[in-house]
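Below is one structure, written out as structure tokens; comments come after it.
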Amino acid sequence: MHLRIAADAAVRGFAAFGLALAAFTAQAQPVELKLSYYVGDQHAMSQWLIRWSEALEKRSNGQIVVKRFPGAQLGTAQQHFDLARTGRADVAWFFHGGTPGRFPLTELINLPYMVGSANAGTRVLNDPELRQKYLDPEHKGVKVLVLFTHPPGQVHTVKKPIRTLADFKGQRVRFPSPPVRDFLDALGATPVGVAPTEMVEQLQKGAIDGVMIDYGGAGIAFRMGGVVKHTTELNAYVTSFGLAMNEEVWNKLGPELQKVVADATAAMLPEIGPAWDGIDAAGKKALIDGGMQVSRLAAEDDARARRLGADVAESRLAELEAKGLPARQVHRMMKSVADRRGAAN
């Protein structure tokens, strides 16, 4: 009898040990995260993502392993938000203009003359109250890790320099987001939708006359040196982006690894804006080395462009308010954060 009880106890003990061992083994298995981004590793944001992924691995003591997929290996630039949402990628860098109108409140940062740098735009978009109340809820199906912008975009053209507002007439110019589309239309250009990875090809074919993009994007990310011959410095807008994790993947990480991701992202957040602002000079030099010449609007035309930009902003706000969205409230909050932090354009 005693032997049987002892045997039963031994069996239960071995079973408990087996369960504990299985749990330990499962916990010890590293979590592999597929990180997707649509430009090459030469870009400043790509370099940030590399450092960020290395920080995740180090902070988690190897419990997180990041496998990177640069250069749109997993899908086109326009597909990157949905790569994260559907789980085809665990984490993805995406741009809001890739799915126009899907993030109408977040896209308000793209309105003309909102902020004057990537650092400013990134600080505005990551205001805790703004994100929690209005911006994160637009990103259904993902955990937003961080939002950010590029530096002010310029107009880059192949043949015709744009030195006055009248020069915009008849120019087919690629736009990055709906607010910039509306601004180009107000300036007299013909806005054309083109994927980022197709810009150079479309310029070379003559399908478009120019593009709106920041210097770093033009000169470094998409290597337009020698293709675009003229740049007009408007400094009129920024384009917004996000880094997001699939919601189900986030939930499966558990509290400890979630904290690792959140802490690593928060620690490196201050680097994003300055890093992107920092490649403006290098991007501009690459274009100049390729034969590009710089123009700026005269004071009168610049003032008129700003008035047109204000009209575009008002029209956009009215349109969204008519749809029941709190666009004016979000716009006021963005301007307030920008003014408070000295980030207004």
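Observations on the model:
- Residue list for segment 131-146, filter: open to solvent by less than 50 Å² (accessible area, probe 1.4 Å) and farther than 17 Å from T265 by Cα: Y134, L135, E138, H139, G141
- Of the criteria (1) closer than 24 Å to L125 by Cα; (2) over 25 Å from the mean Cα position of the chain (by Cα), which one Q329 fails: (2)
- From the list G153, G62, the one residue that fits, being of a type in the set (G, A, S) and surrounded by fewer than 21 Cβ atoms within 10 Å (Cβ to Cβ), is G62.
- Residues in segment 104-141 that are under 24 Å from Y215 (Cβ atoms) and over 15 Å from the mean Cα position of the chain (by Cα): L111, P112, Y113, M114, V115, G116.
- On the stretch given as segment 77-88, residues that are closer than 17 Å to G40 by Cα and among the small types (G, A, S) total 1.
- G75 fulfils the conditions (1) more than 30 Å from D311 (Cα to Cα); (2) assigned to a loop (DSSP other than H, G, I, E, B); (3) modelled with pLDDT under 90 except for a single criterion, (3).
- Every test in (1) charged (D, E, K, R); (2) closer than 25 Å to K259 by Cα; (3) without any contact (Cβ under 8 Å) to a residue 40 or more places away in the chain is passed by D90 save one, and that test is (3).
- Yes/no for A166 being among the small types (G, A, S), surrounded by 24 or more Cβ atoms within 10 Å (Cβ to Cβ) and over 21 Å from the mean Cα position of the chain (by Cα): no
- Checked across segment 103-121, the condition of being of a type in the set (F, W, Y), open to solvent by less than 10 Å² (accessible area, probe 1.4 Å), at pLDDT 95 or above and under 19 Å from E319 (Cβ atoms) holds for at least one residue.
- Unique match (being without any contact (Cβ under 8 Å) to a residue 40 or more places away in the chain and among the β-branched types (V, I, T)) among V180, V144, V192: V192
- Within segment 169-210, considering residues that are within 23 Å of the chain's Cα centre (by Cα) and of a type in the set (S, T, Y), the one surrounded by the fewest Cβ atoms within 10 Å (Cβ to Cβ): T197
- Residue in segment 239-248 that is modelled with pLDDT under 95 and open to solvent by 10 Å² or more (accessible area, probe 1.4 Å) present: no
- Subset of segment 111-142 [over 25 Å from A236 (Cβ atoms) and among the aliphatic types (A, V, I, L, M)]: V142
The values are calculated or read from the model by the stated rules, or taken from the named source; none is laboratory data. Quantities reported herein were computed from a predicted structural model and do not represent experimental measurements. When we count neighbours, we look across all protein chains shown, and the Cβ atoms used for this are built from the backbone with ideal geometry, even at glycine. Areas reflect the complete protein model, heavy atoms only, side chains present, ligands, DNA and RNA absent. Shrake-Rupley method; radii C 1.70, N 1.55, O 1.52, S 1.80 Å.
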